[in-house]
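One structure is given here, and the rest of the page talks about it.
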Amino acid sequence: MQEEEPLTVEEVAKRLRVSIETVRTWIRSGELNAIDVGKYLIYPADLEDFKQRRSTRRKKQKES
């Protein structure tokens, strides 16, 4: 079980400076893990994993 409190879609959107619909799209496509309890909740560890996978810095290092 996760130790940190989960974040709402709105909180994630604000942190990443994207729209709420963008976050929902990432969740529906499977790119961003979330739990559905009548609304989506995202654990901070899942958000960090998502950010690492989408990092351009990580991709550049992988190509070297």
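Taking segment 1-12 as the range and being at pLDDT 95 or above and either among the aromatic types (Phe, Trp, Tyr) or more than 15 Å from Arg54 (Cβ to Cβ) (or both) as the test, the residues that pass are Glu5, Pro6, Leu7, Thr8, Val9, Glu10, Glu11. Looking across segment 16-43, the residues that are under 10 Å from the mean Cα position of the chain (by Cα) and assigned to a helix (DSSP H, G or I) come down to Leu16, Val23, Arg24, Trp26, Ile27.
The values are calculated or read from the model by the stated rules, or taken from the named source; none is laboratory data. No experiment lies behind these values; they were computed from the predicted model shown. Glycine also receives a Cβ, built like all others from the backbone with ideal geometry; neighbour counts cover every protein chain displayed.
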